[in-house]
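One structure is given here, and the rest of the page talks about it.
The values are calculated or read from the model by the stated rules, or taken from the named source; none is laboratory data. Being a predicted model, the structure only gives us computed values, none of them experimental. Positions of Cβ are generated from backbone atoms using ideal geometry, with glycine treated the same way; all protein chains shown enter the neighbour counts. When the accessible area is computed, the model is the full protein with side chains, heavy atoms only, and any ligands, DNA or RNA have been set aside. Shrake-Rupley method; radii C 1.70, N 1.55, O 1.52, S 1.80 Å.
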Amino acid sequence: MVGIVIVAHSEQLAAGVCEVALQMAGGVSVPVLPAGGTEDGRLGTSFEKVQDALDRVLEQGYDALVLADLGSAVMVTQMVLETLLPEWRERVRLTSAPLVEGAIAAVVAAAGGGDLENVRQAAEQALTVSKIPELGVSPSLPIEMPEKAILEEIVDLIVPNPTGLHARPAALFVQTAMRFQADITVQNLSQGRLPVNAKSMMEVASGGTAWQGERIRIVARGKDAREAIRTLQALVESGFGEMEEAPPVPSPLRQPEQVLLQPAEGKVGGQLRGIPASSGIAIAPVFQYRPLTWHVEHRTVGSVGAEITRLQKALEQARQELLALQQEIALQDTQTARIFEFQRMMLEDPVLTNMLEKRIRQQFSNAEAAVEAVFKEWIARFERGDSELSQLRAADVQDVYQRLTRILVGAEEINLLRTLPHPVVVVAKDLTPSDTACLDREKVKGICTVGGGLTSHIAILARMWGIPAVVGLSEQVLEIPDGTMVAIDGESGLVEVNPPQEILRHYEERRVQRTSLAAVVLSQAHWPAITLDGHRVEVFANIGDVASAREAVDSGAEGVGLLRTEFLFVNRTAMPDEEEQYRAYRAIANVLDRRPLIIRTLDIGGDKPLPYLKLLPEANPFLGMRAIRLSLNHPDLFQPQLRAILRAGVGRNVLVMFPMISTRDEVLRALEALEQAKRDLEQAGIPYTREIPVGIMVETPAAAIAADLLAPLVDFFSIGSNDLTQYVLACDRGNDQLRSLYQPLDPAVIRMIQHVIEAAHQYGKKVGLCGELAGEPMAIPLLLGMGLDEFSMTPAAIPYAKWLIRALSLTEAREIARQALLLPSAAETTRYLKEVLQVVQEADRSSSQSYAMERAD
Ligand code: PEP
Ligand code: MG
């Protein structure tokens, strides 16, 4: 049995449609309920009225078909549907059928005993069978509407890209939809899903996702509906920019074989097998990690407004915390930092915030109780999903839930994994992305979890940091007492609990003398990067703070090619003064000892505003008041930084570098500013380094093309391939839609790099490269062959880069570069360089490497 609910902007309209439908259908006894206008009788749609009408139909045991007039009626209905228990929601369909004809057809079909699906279809076919013939047009032709009358645009599309409408493409889809005013829904027709709000990441991730080849319907209603549909259509049809290079398809969760824990000599012992998620061997005592939980009181609040404000403040704080975390991770790996994107979008999700506020408003609930109820519902919803991605999303929602609850109950942010007394293997049921991101990388030797798959956040982060990890273990792992010795093998997925001495020794031996390439690479991390024919280059690190400086040294960095000083300036309300900067730079220089430290002056501006700097909003921040332009305009910012750098250089190997140079004049002004800083320190009698080498980043096409004019002014160049790519190709480096265009191996970019290297060498100046390209294995032979003197990269990439350089001769690298520079596209260059890499890796060159090293000694 099916009842009908009519949702309209006018009370009279909804009532009228009900009346007409019932009369035309011959006075049948089908419940047809109106939900029109607002509570106080104005034009609009009321959440309560829709909820009430639906409750009444469902409570009587009927399924419900909802017909709505305009966009916001659909949105309100969708919001009501979100609040229904899942088993009730199953019994409701929202249709885009025409209001009057659809209602009549639905009533007739319901009276005839049709089920919910029959009734929906009857309603949706109503226009074709009733009005179109009268209008004199063929039903298969689109009806031409006058421009003004167009309120709704619809498009059906097949999802073309390999990962479908999931994860990053879903985030991109939502972000794009949010740019429009129109109400937009997306519906997976292939799976027979309900339309969901396209501006809600939560909705799209739970009910709007689609796999490659599935058909989706996008409906936009509102003034800019046409534009919205066009843009979204283009986005979907472009495969969300991932058609050229498909990311690896997540491997299905392999069902691990479990071996029961046996008590051995009175202690817990034996083996467990899980999914190997991050390679390497770890031997250390167990630390059972149980995250802190907070008791949530359920109170009735007096002032709904005040409680909503409290909620909004908590949401904002959570957003800020996540942003800081994301920035911290981005300093090491921008790609990995994106795993927090979904969480940030969640905090801005209109559906989620509406649900929370509604709960407070309607039930006079305190904010933490509302968060508990709403988030648990979402967690359950994602957990019910059978895909690995859905499980990932559940972990994200759980993570944000814990963060928000902690903020609302006023608890301190304590992470037990941040401060560990000694090396451990962390064992946990699950680790949230935030837990994993904060763990002490010195002390955490390995990770074992019950939850998680190969593509889980834990696995991604563990791989990035080179921490061995086994996931998907049985719950028995949680019973291992704290302090029990375990040996884990991140390649086979085996966990040995309390192993006898000989097994421990065996693991230890394997750990120390791993014969795999990775082990060789790591063990030779501190060898210099000398090619087989004796040409030496420098391999440096890109760092952002003292911790990463230590990591750099441990990874074999011969210096720092880029210290991003932004880390000192962001996420705070006041500028760091000269003293604070001096101490920070000095601390890093001390870690590096005599190794060179290239300190880049502040690279901030337009897109990354500092709250304490009053910057004007800009239409094109990447082309605006950024980096050196900002510093030259703000001596109050620039001078203290230059003085701090000069002071930090006393007795240390400090160099200074200016970012985003475009013109010769900028270099001259920056040099003059440096002289000014020296004069001021001199006058004040403060010790500083007089002979500081000065470099510039070459990351604008202007600087690259005019490199021969700039080289005589400075001591070195460092090519910023990240920005150079974006400016050469006129392609925003952060815009996911342009991912296939943003290619540092594009012929235009690599030719420009070659030109810069040649220009610098003409003047006897050294050239480094500190963009992501320097650490990209396939680009290393090319850059080496082009004559690059210094490669600067994320610390984790250093051992392999050095190994690779040692496996090549300069002569062959030159030939590789010559060939690569002849190729006409990034795709062909990439293909060629990948082949080269494979050949080098497969050839066993270890003996020739040792020979070359001996000669170098
Ligand atoms: C670059 O642009 O390549 C670079 C290293 O600088 P950043 O990524 O900090 O802009
Ligand atoms: Mg840059």
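Pairs only if they're at least six apart or on different chains, beta carbon under 7 angstrom, first in region 7-25 and of a type in the set (Asp, Glu), second outside any helix (DSSP H, G or I); list them, first residue then second.
Qualifying pairs under 7 Å: Glu11/Gly36; Glu11/Gly37; Glu11/Gly41.
Given (1) surrounded by fewer than 20 Cβ atoms within 10 Å (Cβ to Cβ); (2) under 36 Å from the mean Cα position of the chain (by Cα), identify the lone condition not met by Gly71.
Status for Gly71: all satisfied but (1).
Just to verify a result, which residue in region 752-798, among those that are closer than 22 Å to Glu328 by Cα and open to solvent by 40 Å² or more (accessible area, probe 1.4 Å), is farthest from ligand 2 (Cβ to nearest atom)?
Ala796
Name the residues in region 173-226 that are buried (at least 20 other Cβ atoms within 10 Å of the Cβ) and in a helix (DSSP H, G or I), would you?
Of everything in region 173-226, those that are buried (at least 20 other Cβ atoms within 10 Å of the Cβ) and in a helix (DSSP H, G or I) turn out to be Phe173, Val174, Thr176, Ala177, Met201, Met202, Glu203, Val204, Ala205, Ser206, Gly207, Ala225.
Could you identify the single residue in Ile458, Ile467 that is surrounded by 17 or more Cβ atoms within 10 Å (Cβ to Cβ), outside any helix (DSSP H, G or I) and out of contact with any Cys (no Cβ under 6 Å at 6 or more places or on another chain)?
Working: Ile458 fails: outside any helix (DSSP H, G or I).
After ruling out the rest, the residue left standing is Ile467.
Quick one: would you say Val546 is away from ligand 2 (no atom under 16 Å from the Cβ), surrounded by fewer than 19 Cβ atoms within 10 Å (Cβ to Cβ) and under 23 Å from Gly695 (Cα atoms)? Even if it seems obvious, please write down each step before you answer.
Numbers: away from ligand 2 (no atom under 16 Å from the Cβ): yes; surrounded by fewer than 19 Cβ atoms within 10 Å (Cβ to Cβ): yes; under 23 Å from Gly695 (Cα atoms): yes.
So Val546 fits the description; yes.
Could you list, in sequence order, the residues of region 761-780 that are away from ligand 1 (no atom under 16 Å from the Cβ) and more than 21 Å from Tyr742 (Cα to Cα)?
His761, Gln762, Tyr763, Gly764, Lys765, Lys766 - these are the residues of region 761-780 that are away from ligand 1 (no atom under 16 Å from the Cβ) and more than 21 Å from Tyr742 (Cα to Cα).
Taking Leu420 as the residue in question, decide whether it is under 17 Å from the mean Cα position of the chain (by Cα) and surrounded by fewer than 22 Cβ atoms within 10 Å (Cβ to Cβ). Steps first, please.
Details: under 17 Å from the mean Cα position of the chain (by Cα): no; surrounded by fewer than 22 Cβ atoms within 10 Å (Cβ to Cβ): yes.
Judged against the criteria, Leu420 is not a match.
Scan region 657-700 for residues that are open to solvent by 10 Å² or more (accessible area, probe 1.4 Å), assigned to a helix (DSSP H, G or I) and either within 16 Å of ligand 2 (Cβ to nearest atom) or without any contact (Cβ under 8 Å) to a residue 12 or more places away in the chain (or both) and report the count.
8
Quick one: count up the residues across region 593-608 that are within 16 Å of ligand 1 (Cβ to nearest atom), in a loop (DSSP other than H, G, I, E, B) and either surrounded by fewer than 20 Cβ atoms within 10 Å (Cβ to Cβ) or modelled with pLDDT of 80 or more (or both).
At the first step, the residues of region 593-608 found to be within 16 Å of ligand 1 (Cβ to nearest atom) are 597-608.
When the remaining residues are screened for being in a loop (DSSP other than H, G, I, E, B), the result is 601-604, 606-607.
Keeping just the survivors that are either surrounded by fewer than 20 Cβ atoms within 10 Å (Cβ to Cβ) or modelled with pLDDT of 80 or more (or both) gives 601-604, 607.
Result for region 593-608: 5.
Can you run down the residue pairs with Cβ atoms below 8 Å, 6 or more apart or on separate chains, where the first is in region 51-69 and aromatic (Phe, Trp, Tyr) and the partner is open to solvent by 40 Å² or more (accessible area, probe 1.4 Å) and outside any strand (DSSP E or B)?
Tyr62/Met1
Hey, among the residues in region 552-578 that are modelled with pLDDT under 90 and charged (D, E, K, R), which one's farthest from ligand 1 (Cβ to nearest atom)?
Arg572
Which of the numbered conditions does Val100 fail, given that it passes all the others? Conditions: (1) at pLDDT 85 or above; (2) open to solvent by less than 60 Å² (accessible area, probe 1.4 Å).
Against the list (1) at pLDDT 85 or above; (2) open to solvent by less than 60 Å² (accessible area, probe 1.4 Å), Val100 comes up short only on (2).
Tell me which of these Ala852 doesn't satisfy, since it passes every other one: (1) in a helix (DSSP H, G or I); (2) more than 29 Å from Gln762 (Cα to Cα); (3) at pLDDT below 90.
For Ala852, the exception is condition (2).
Could you say which residue among Leu655, Leu646, Leu616 is touching a Ser or Thr at 6+ places or on another chain (Cβ under 8 Å) and aliphatic (A, V, I, L, M)?
Numbers: Leu655 fails: touching a Ser or Thr at 6+ places or on another chain (Cβ under 8 Å); Leu616 fails: touching a Ser or Thr at 6+ places or on another chain (Cβ under 8 Å).
Just one listed residue meets the conditions, Leu646.
Within region 735-751, take every residue that is within 14 Å of ligand 2 (Cβ to nearest atom) and touching a residue at least 24 places away in the same chain (Cβ under 8 Å) and give me the one that is least open to solvent (accessible area, probe 1.4 Å). Can you show your working first?
Going through region 735-751, the residues within 14 Å of ligand 2 (Cβ to nearest atom) turn out to be 742, 744, 749.
Among the residues that remain, those that are also touching a residue at least 24 places away in the same chain (Cβ under 8 Å) are: 744, 749.
Values: Pro744: 34, Val749: 0 Å².
The qualifying residue least open to solvent (accessible area, probe 1.4 Å) is Val749.
Name the residues in region 704-722 that are within 14 Å of ligand 1 (Cβ to nearest atom) and touching a strand residue (DSSP E or B) at 6+ places or on another chain (Cβ under 7 Å), would you? I'd like the intermediate steps shown before the answer.
Here is the first cut: in region 704-722, the residues within 14 Å of ligand 1 (Cβ to nearest atom) are 704, 717-722.
Of everything in region 704-722, those that are within 14 Å of ligand 1 (Cβ to nearest atom) and touching a strand residue (DSSP E or B) at 6+ places or on another chain (Cβ under 7 Å) turn out to be Ala704, Phe717, Ser718, Ile719, Gly720, Ser721.
For region 703-734, which positions are open to solvent by 50 Å² or more (accessible area, probe 1.4 Å) and within 16 Å of ligand 2 (Cβ to nearest atom)? It would help to see each step written out before you state the result.
Of the residues in region 703-734, the ones open to solvent by 50 Å² or more (accessible area, probe 1.4 Å) are 705, 708-709, 712, 715, 730, 732-734.
Ala730, Asp732, Arg733, Gly734, listed by residue number.
Would it be correct to say that Val32 is among the aliphatic types (A, V, I, L, M) and buried (at least 19 other Cβ atoms within 10 Å of the Cβ)? Spell out how you get there, then give the answer.
Details: among the aliphatic types (A, V, I, L, M): yes; buried (at least 19 other Cβ atoms within 10 Å of the Cβ): yes.
Criteria met by Val32.
Please work out if Glu502 is out of contact with any strand residue (DSSP E or B) (no Cβ under 6 Å at 6 or more places or on another chain), of a type in the set (D, E, K, R), part of a helix (DSSP H, G or I) and open to solvent by 10 Å² or more (accessible area, probe 1.4 Å). Reasoning before the result, please.
On the way: out of contact with any strand residue (DSSP E or B) (no Cβ under 6 Å at 6 or more places or on another chain): yes; of a type in the set (D, E, K, R): yes; part of a helix (DSSP H, G or I): yes; open to solvent by 10 Å² or more (accessible area, probe 1.4 Å): yes.
In short, yes.
If you take the residues in region 627-656 that are outside any helix (DSSP H, G or I) and open to solvent by less than 10 Å² (accessible area, probe 1.4 Å), which one is nearest to ligand 2 (Cβ to nearest atom)?
Restricting attention to region 627-656, the residues satisfying the condition of being outside any helix (DSSP H, G or I) are 634, 649-656.
Now narrow it down to the ones that are open to solvent by less than 10 Å² (accessible area, probe 1.4 Å): 649, 654, 656.
Numbers: Gly649: 23, Val654: 20, Val656: 16 Å.
Top of the filtered list is Val656.
Quickly run through region 776-796 and pick out the residues that are part of a helix (DSSP H, G or I), among the small types (Gly, Ala, Ser) and without any contact (Cβ under 8 Å) to a residue 60 or more places away in the chain.
Ala779, Gly785
Report yes if Val444 is open to solvent by less than 10 Å² (accessible area, probe 1.4 Å), over 26 Å from Leu404 (Cα atoms) and touching a residue at least 60 places away in the same chain (Cβ under 8 Å), otherwise no.
Working: open to solvent by less than 10 Å² (accessible area, probe 1.4 Å): yes; over 26 Å from Leu404 (Cα atoms): yes; touching a residue at least 60 places away in the same chain (Cβ under 8 Å): no.
So Val444 does not fit the description; no.
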